[in-house]
Structure formats: C-alpha cells, structure tokens
Amino acid sequence: MTKPIPLFPRELQVLLEHASTDHQRNRLKSLLQTLSFRRTDEEFGLKHGATWKMVNDLRRVAKGEGVDLEALRVTTSFVEHPELPSSDTPIDELLASKRARFSRTKAAKDAARWRKVRLRGGGPMGLLCFGDPHIDDDGCDIEALERDMKLVKETDGLFAGNIGDSINNWVGRLMRLHANQSTTATDAWRLAEWFLKDLDEHWVFWLLGNHDAWNDGMEVFSRMGGLVKMDDWQARLALTFDNGRECRLHAAHNFPGTSIRDKNWGEKRADAESYGAAQIYMAGHLHTAAMQCVPCPNRGKPIWYARASGYKAIDSYADNLGYSRQTGGESLTFIFDQDADDEMGFVTGFLNSAEAVDFLQFKRERHEGRSRQHGVAA
Ligand SMILES: [Fe+2]
Ligand SMILES: [Fe+2]
C-alpha cells in the first residue's frame, strides 16, 4: 500500500484555483483523491515526478500572488463527501413547464374576457345583480335578499348576478369579529352554498369579493359545484340575445377611484381606462348605491354606470366612521329589450328591483301581444 505523501487538501484546493488548464485541474483532482504523486502520474501516463513538478510550479504562482500556503498546511486529514443527485427539477424541464403553464393561463384568461353569455328565450330579459350580500352578518337584511331571490325565481326572463362579498369570512385580526356575530363560520359557508344553489340555473355571473377570497375562500367557492363560472373580482361579459343583439357588461367588485361628488366615479374611470369597451359598468364593495345613464352620441349608445349598496343594511363600521346609512339600491337590475327600435330602448337600469320586475313584465306582455298580432310565437 502506498504511504500517503503529506499533501495538504486545503492547499491543493487553493492550487486548483490557480490551475490554468483542464488537464492541470484534472490532475489536481486526482491528487486530491489519491494523495499520491506516483499514482496520479500513472493515471495520466506521465513520467515519474511530472505531477510533483506541476504542484511546485503552481505553489510558486500562488505565492507570487500573495497566497499564504503555510497557513493552509494545517492537516493532512479531510472529509470526502460523496456527490449526491439533486432532487431539483432540471432547469430545462422547469422552463418547459413554465412555458406550457403560461400558455394555458393566457388561453384561459383570454377566453374568459368578453365571453359571450347567451340569454335564451326571446323577448325582453332582465338581469338582477345582487349587491354585497354579507349573508352571515347580523346586519344583513335577509328579508330583502330573500325578496330579490324570489323575484329572480318567479319572474320569467329574469336572471341573476352577484357582485361579491357573499359572506364576511373574517381574516387575520378581523377574525375577532366572528365573536360579534351570531352566525358561525360553518353556518356562513352553508348560507353561501344555499344562496348559490337556490338560484343555480339563473346565475349569469358570480364575483368573488375581498371577503370571499380571504382564508382560501377562492378555493372553497370554486369547489361548491354551482353551474356558474366564478370570477375573481371582475367579469367582462358580452350578453347576447336570440336575435343576435349584444350588450357588453363590465362587472367588478369595485373599480379604483372615488369622489364625494360622484358616487359613480370609479365606474366612469373604468370606462375611460377601457376606452369605452362596455355599455354597462357596475360595482359594489363601498356599500353605496348610485346609477347614471349618459347618452353618448359618438358611441351610438347610452352608457350605464351603477353601484349597488348591498344587503348589509346595518354596518357598525360605517356608523362609527360617520357615513350615512344606505336605504335602497341593494341590487341593480337591467332590463334588455332585444327588439327595441333604438339603443335608448335596448337597456334600462333600475335601483329598485320590484319596479324593474314590473317594467320587465309589462315589456314581456307587450312583446307577446305584438307577436300574437303578427302570428309569431313569442
Ligand atoms: Fe362588502
Ligand atoms: Fe368588498
């Protein structure tokens, strides 16, 4: 057995940094393994003493550069660690996976943007959009919510939208507020599911507000199994009717921007930011109601800006900040008369759901009368 020559591993490792060719580096690595000049010479087919000379040459170079080799000659013992395989995904696979993921994400986002939602049945149609429900809150006017749900279920041609914040779903330091409400977290989720399923086939859109998304709420909502596709915060829809007429609706839990002089400031800003992409801009979240219709001759149609106050009629947070209590405007209802002669008659908005339903029923009866007159099925 060859007696190890007192070579110093730490010194050899520093000399490795001073090697100028791969051949030199490979010989030094062999020397680190064998700690034998002779065996390294044999491995590389060199004459005896060649590796010893190379090491001495490198020592001179390192010394010339100010390296204190003596300080590195502390021990001839060292620990040799095995080379282990990495559990990491190779970078090429990682990049390929990320490219495929982005492609799927973009395709899904693009398809959802201005997706065509067809309202079938013919004649005038309505869309009742529930403002922030906060169903589990003790301040939620549950009777008003049930009243509007009943209108949707019992009115022919009336569909539904949800602007978000279906439940409180308190998070972080706000979780202490669960102690101030009589509905438990479990019952809150049961109420949300009841709200979804009770109007299942009527939903045109369902937004997830900030409260909904807290505490993995997005995941819980998406697995409730309703018919409607749930949207995170906002949805851009192209509502289409049997005769091909279309109305673009941009619904968001909230749009950025507020003004004490104009409660629809955020919706108008969204209109400006989107360069007039939609005909209706609607939001919730701030628990204030307002609705405006602005005829836009250059766009050939009136534009609607609307905000629902929601069903949280008693709000201690708003009371403490000195905001006035909202009455009315819990929901926003739009009536679409696809057979209207002009754009002004095509879309009509209401802050009062009962009035909107009366208007829809009048329009549907008139449509049926006209259809009978012309011998066409309504
Ligand atoms: Fe809210
Ligand atoms: Fe909100």
Original post:
Does region 149-160 contain any residue that is more than 26 Å from A340 (Cβ to Cβ), aliphatic (A, V, I, L, M) and more than 16 Å from ligand 2 (Cβ to nearest atom)?
Top reply: yes
**OP:** Mind counting the residues in region 58-69 that are touching a helix residue (DSSP H, G or I) at 6+ places or on another chain (Cβ under 9 Å) and either part of a helix (DSSP H, G or I) or over 24 Å from S20 (Cβ atoms) (or both)?
**Re:** 6
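Being in contact with a Leu (Cβ under 9 Å, 6 or more places away or on another chain) and in a loop (DSSP other than H, G, I, E, B) is the filter; apply it to region 256-281 and report the residue that is surrounded by the fewest Cβ atoms within 10 Å (Cβ to Cβ). Write out each step before concluding.
Residues of region 256-281 that are in contact with a Leu (Cβ under 9 Å, 6 or more places away or on another chain), as a first pass: 258, 263, 266, 278-281.
With in a loop (DSSP other than H, G, I, E, B) added as a condition, the list becomes 258, 263, 278-279.
Values: T258: 13, K263: 20, A278: 21, Q279: 22.
Among them, the one singled out is T258.
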Subject >> Test set (1) within 16 Å of ligand 2 (Cβ to nearest atom); (2) of a type in the set (A, V, I, L, M); (3) part of a strand (DSSP E or B) - L237 fails condition number >> reply: (1)
**OP:** Scan region 158-183 and report the pairs whose first residue is more than 13 Å from H211 (Cβ to Cβ) and whose second residue is within 16 Å of ligand 1 (Cβ to nearest atom) and of a type in the set (A, V, I, L, M, F, W, C), with Cβ atoms within less than 6 Å and a gap of 6+ or a chain change.
**Re:** G161/C129
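If I filter region 216-234 down to residues being in a helix (DSSP H, G or I) and within 16 Å of ligand 2 (Cβ to nearest atom), which single residue comes out as surrounded by the most Cβ atoms within 10 Å (Cβ to Cβ)?
Within region 216-234, the first condition is being in a helix (DSSP H, G or I), and the residues that meet it are 217-222.
Still in the running and within 16 Å of ligand 2 (Cβ to nearest atom): 217-218, 221.
Numbers: G217: 20, M218: 14, F221: 22.
Per the criteria, the residue is F221.
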**OP:** Output the number of the condition that F159 fails; it satisfies all remaining conditions of (1) of a type outside the set (D, E, K, R); (2) within 15 Å of ligand 1 (Cβ to nearest atom); (3) touching a Gly at 6+ places or on another chain (Cβ under 9 Å).
**Re:** (2)
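Tell me, please, whether a residue that is over 22 Å from D132 (Cβ atoms), of a type in the set (D, E), part of a helix (DSSP H, G or I) and at pLDDT below 95 can be found in region 356-369. Walk me through how you get there before you give the answer.
If we filter region 356-369 for residues that are over 22 Å from D132 (Cβ atoms), which is where we start, we get 358-369.
Next, from what is left, pick out any that are of a type in the set (D, E): 358, 365, 368.
From what is left, the residues that are part of a helix (DSSP H, G or I) are 358, 365, 368.
Now narrow it down to the ones that are at pLDDT below 95: 368.
The answer is yes; a qualifying residue exists.
Among the polar types (S, T, N, Q) and surrounded by fewer than 16 Cβ atoms within 10 Å (Cβ to Cβ): is that true of S36 in this structure?
no
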Subject >> Per-region count, region 257-266, residues more than 16 Å from ligand 1 (Cβ to nearest atom) and in contact with a Gly (Cβ under 9 Å, 6 or more places away or on another chain) >> reply: 3
Subject >> Scan of region 55-75 for residues that are under 59 Å from the mean Cα position of the chain (by Cα) and in contact (Cβ under 8 Å) with a residue 60 or more places away in the chain, ordered by number >> reply: L72, V74, T75
Original post:
Give me the pairs: first residue in region 13-42 and in contact (Cβ under 8 Å) with a residue 40 or more places away in the chain and at positive phi, second residue part of a loop (DSSP other than H, G, I, E, B) and loosely packed, with under 14 Cβ neighbours inside 10 Å, beta-carbon distance under 7 Å, and six or more apart or on different chains, which are they?
Top reply: L35/P4; L35/I5
**OP:** Among what's in region 197-215 and is more than 16 Å from ligand 2 (Cβ to nearest atom) and in a helix (DSSP H, G or I), pick the residue that is nearest to T155 (Cα to Cα).
**Re:** H202
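Would you be able to tell me the number of residues in region 206-226 that are of a type in the set (A, V, I, L, M), over 11 Å from L196 (Cβ atoms) and in contact with a helix residue (DSSP H, G or I) (Cβ under 8 Å, 6 or more places away or on another chain)? Full working, then the answer.
First pass over region 206-226, keeping only residues of a type in the set (A, V, I, L, M): 207-208, 213, 218, 220, 224.
Right, trim to over 11 Å from L196 (Cβ atoms) and you get 207-208, 213, 218, 220.
Subsequent filtering for residues that are in contact with a helix residue (DSSP H, G or I) (Cβ under 8 Å, 6 or more places away or on another chain) retains 208, 218, 220.
The qualifying residues number 3.
Residue-by-condition table, conditions (1) under 24 Å from the mean Cα position of the chain (by Cα); (2) within 23 Å of M282 (Cβ to Cβ):
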| position | (1), (2) |
| --- | --- |
| I163 | yes, yes |
| L174 | yes, no |
| A179 | no, no |
| S182 | no, no |
| L199 | no, yes |
| F205 | yes, yes |
| H211 | yes, yes |
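The values are calculated or read from the model by the stated rules, or taken from the named source; none is laboratory data. Not measured: the values here are computed from a predicted model. Neighbour counts run over all protein chains shown; Cβ positions are idealised from the backbone, glycine included.
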